[in-house]
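Student: Please find one structure pasted underneath; my questions will follow.
Derivation of every value follows stated rules applied to the coordinates shown; laboratory data play no part. Just so it is clear, the structure is predicted and the values come from calculations on it, not from any experiment. Glycine also receives a Cβ, built like all others from the backbone with ideal geometry; neighbour counts cover every protein chain displayed.
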Amino acid sequence: MLWTCNSHIKDIEFICLNPNCSETKISCFQCIQNGNHISHLKDVKKIENFYELYSQESNDNTILLNKFGLLIEKIKHQFQIIIDGIQLKYHITESQYQNLNTEQINHLAFSFIEWKKDRDFIENTISGSINQLLESINICINTLKLQQNKINSLNIQQEQKILKYELINSIKDDDIFAFAFDNVSSLMVAGYSSSTIKVFEFNQGNLNFLQELNDHNSFIYCLYFMKKSQCFLSGSGDKSIILWSINQNKQFFCKQKLQGHNDSINCLIMSENEELIISGSSDKTIRFWTKNSQPSWNCQQILSVHKNPVNSISLNESSTQLISCAQNENFIIISQQQVDRLFWEVISTIQVDQWGYRLCYINNLMFTFQPKSKEQMYIYQIDDKNGQFKKTKELTIKAGHCSMYFPQQYIKSKSILLNKNGNHVNLIRKLENQEFVTEQSIDFRTQYIYGMMSQDGDYLITYDDQTREIQIRKIFQ
């Protein structure tokens, strides 16, 4: 994303991180030339490096939280020692008391008097320290509330801006079932019914054909572009998954073919660290693929929990839970990776009134599910009482007769959910208060629509069987 200086209408290039500076934090090159931040240039950084610093701060926060967790456990342990010690002071039963001799009674009396003094000291010391600690904690809480109010103010301002994707380009093409963008929206791949994959240079909505890949021999149903490398995955009706890598000549080649499924590959995702591939198939199974020391990918586990073709799979933010749904099955299955081993196990089954093609985790505590052809999208959240997911909301959206593929997609940076339902592609915004609103609904007048957003959510690309066009839309606010 590029930001523009309001004063000079030039690209923002610098950001000031001096805590005592009251000037505008962001500057273009001309701002710096004009003397902005001249007294503390050592604190002026390239804005392209700011997110890295921001991410490092996030990592530092995680370390701090871990320290707090350990400190809390240590305090609990020390308190338990005190509690146990106090309980031991009066552990003599009445029958034991009756059997004490005179010397023991005398000793007990001294202990009783001394303990009253010790108890007062312990109570005053602990209470004083706790009150001081609580006062310090309240100061920290108020500081955090102040920061949160600033964040909420920014979020409200953002939420007031209506998002709209406007058509900026269209290109006639043959039947396409899947798209994927690289992480900087410079490359786009498209999967065709002819079994080919085409690689395009993507430049602000313009496509430039680069390469055609022909290692599959059936429909391409799903694509996944990795975020940490210029590699991508493809799933096909030929029952295989291909890992595509790029060589020094910037040409993609088949690095590995993953085989094992007995029917079409319908959905492909990866864990956040991209060390796990998960595939759903018409053979009714979900497979988990991991890298060995070669390194090459091998099937680590087969999850056979569905009785029909798997339509959709989604991982939560921490990549520890998987939701899945299948054709003609009125339930959603939640599987979880076991902490002490790599295998996944079913932990919950949620009954629904209508099976669906699409579902998507929003975060660790929420996911969405689209029942087939219904005018409602279901929202599920964790119940604080029992830790189980339950349906908390239904969002009314445009619908119609529906078909497979075109997975739901959530763009966290923009809080936008892409949800195809029937003839419509719905752009749905998640608000700060956890409510959902439909920002835009695009009617393609056909259920056979396939598409994807770029990873930053700036672009929406689709193909439909009515216009027989690749249509590219850009977000405007």
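Student: Looking at the stretch 210-280, which trypsin sites (Lys or Arg not before Pro) are DSSP coil and have at most 15 other C-beta atoms within 10 Å of their C-beta?
Tutor: Passing sites in the stretch 210-280 are K227, K228, K250.
Student: Could you list the trypsin sites (Lys or Arg not before Pro) in the stretch 370-420 that lie in coil according to DSSP, counting only those with at most 10 other Cβ atoms within 10 Å of their Cβ?
Tutor: K385
Student: Would you list which aspartates and glutamates come within 13 Å of K46, measuring only between C-alpha atoms, while excluding same-chain residues fewer than 8 positions from it?
Tutor: Once the sequence-local aspartates and glutamates are set aside, what remains near K46 is D11, E13.
Student: Where does helix 102-159 land angle-wise versus the long Cα axis of the chain, in degrees 0 to 90, nearest 10?
Tutor: 30 degrees
Student: For R445 and W3, FRET efficiency with R0 = 35 Å and r from the beta-carbon atoms, rounded to 0.05?
Tutor: According to the calculation, E is roughly 0.40.
Student: Compute the FRET efficiency between K255 and Y51 as 1/(1 + (r/R0)^6), taking r as their Cβ-Cβ distance and R0 = 41 Å, and round to the nearest 0.05. The partial results should precede the final answer.
Tutor: Working: r = 30 Å, r/R0 = 0.72.
Efficiency computed from Cβ-Cβ geometry: 0.90.
Student: Across the stretch 435-440, in residue order, what do the Karplus-derived ³J(HN,Hα) couplings come to in whole Hz, using 6.51 cos²θ - 1.76 cosθ + 1.60 with θ = phi - 60° and x for Gly and Pro?
Tutor: The phi angles translate into 7, 10, 10, 7, 7, 7 Hz.
Student: With the crude spin-label approximation of a point 7 Å out along Cα→Cβ, what separation in nm comes out for L70 versus K391?
Tutor: 4.6 nm
Student: Given only helices, namely DSSP H runs of n ≥ 4 each adding -39500 (n - 2.57), what is the per-residue ellipticity at 222 nm of the chain, to the nearest 500 deg cm²/dmol?
Tutor: Numbers: 4 runs with 108 residues, N = 477.
After summing the helix terms and dividing by residue count, I get -8000 deg cm²/dmol.
Student: In degrees, nearest 10, range 0 to 90: what is the angle between the Cα axis of helix 50-89 and the longest Cα principal axis of the chain?
Tutor: With rounding to tens, the tilt is 30 degrees.
Student: Additional query: Give me the extension gain from L365 to I168: residue separation times 0.36 nm, minus the current Cα-Cα distance, reported in nm with one decimal.
Tutor: Taking L365 through I168 to full extension adds about 67.3 nm, to one decimal.
Student: Taking the Cβ-Cβ separation of S58 and I92 as r and a Förster radius of 60 Å, what is the calculated FRET efficiency to the nearest 0.05?
Tutor: Result of the calculation: an efficiency of 0.65.
Student: Read phi for every residue in the stretch 197-206 and hand back ³J(HN,Hα) as whole Hz from Karplus 6.51 cos²θ - 1.76 cosθ + 1.60, θ = phi - 60°, with x for Gly and Pro.
Tutor: Calculated HN-Hα couplings, in order: 10, 10, 9, 10, 6, 10, 10, 6, x, 9 Hz.
Student: OK, next. Treat the count of other C-beta atoms within 10 Å as a stand-in for reagent exposure and order H77, H216 from fewest to most. Before the final figure, lay out the partial values.
Tutor: Values: H77 9, H216 26.
Fewest-to-most ranking of H77, H216: H77, H216.
Student: Right, here's the next one. Residues with amide H under 5 Å of I12's amide H, sequence separation 5 or more or different chain, H placed in the peptide plane at 1.01 Å from N; which?
Tutor: When sequence neighbours closer than 5 places are left aside, the close amide H contacts are W3, T4, C5.
Student: Can you list the chymotrypsin sites (Phe, Trp or Tyr not before Pro) in the stretch 4-112 that are in a DSSP coil and have 12 or fewer other beta carbons within 10 angstrom?
Tutor: On the way: sites: F14, F29, F50, Y51, Y54, F68, F79, Y90, Y97, F110, F112; in loops: Y90.
Passing sites in the stretch 4-112 are Y90.
Student: To continue, here is another question. Starting from the amide H of C222, placed 1.01 Å from N in the peptide plane, find each other amide H under 5 Å away whose residue is 5 or more places distant or on another chain.
Tutor: Close amide H contacts, sequence-distant or interchain: G235.
Student: If the chain between Q477 and E375 were fully stretched, how many nm would it gain, using 0.36 nm times the residue separation less the Cα-Cα distance?
Tutor: 34.1 nm is the gain from fully extending Q477 to E375.
Student: Once each part is reduced to its C-alpha centroid, what is the distance from the stretch 1-32 to the stretch 335-364 in angstrom?
Tutor: If we compute the Cα centre of each part, the gap is 45 Å.
Student: Which distance in Å, rounded to a whole number, links the C-alpha centroids of the stretch 50-105 and the stretch 368-434?
Tutor: Taking the Cα centre of each part, the stretch 50-105 and the stretch 368-434 sit 45 Å apart.
Student: Now, a different point. Please give the contour-minus-distance gain from Q351 to K10: 0.36 nm per residue of separation, less the Cα-Cα distance, rounded to one decimal in nm. Walk me through the intermediate numbers first.
Tutor: On the way: separation 341, 0.36 × 341 = 122.76 nm, distance 5.45 nm.
So the extension gain works out to 117.3 nm.
Student: Mind listing the lone cysteines of the chain, meaning no other Cys beta-carbon sits under 4.7 Å from theirs?
Tutor: Singleton cysteines: C16, C21, C31, C140, C222, C231, C254, C267, C299, C325, C360, C402.
Student: Further question on the same structure: Can you flag which of K257/K291; K291/K430; K391/K474; K430/K474; K391/K420; K25/K474 are past 25 Å Cα-Cα?
Tutor: Check vs 25 Å cut-off fails for K291/K430; K391/K474; K25/K474.
Student: Hey, rough spin-label estimate for C299 and H40, points 7 angstrom out along Cα→Cβ, what's it come to in nanometres?
Tutor: Inter-label distance under the simple model: 6.0 nm.
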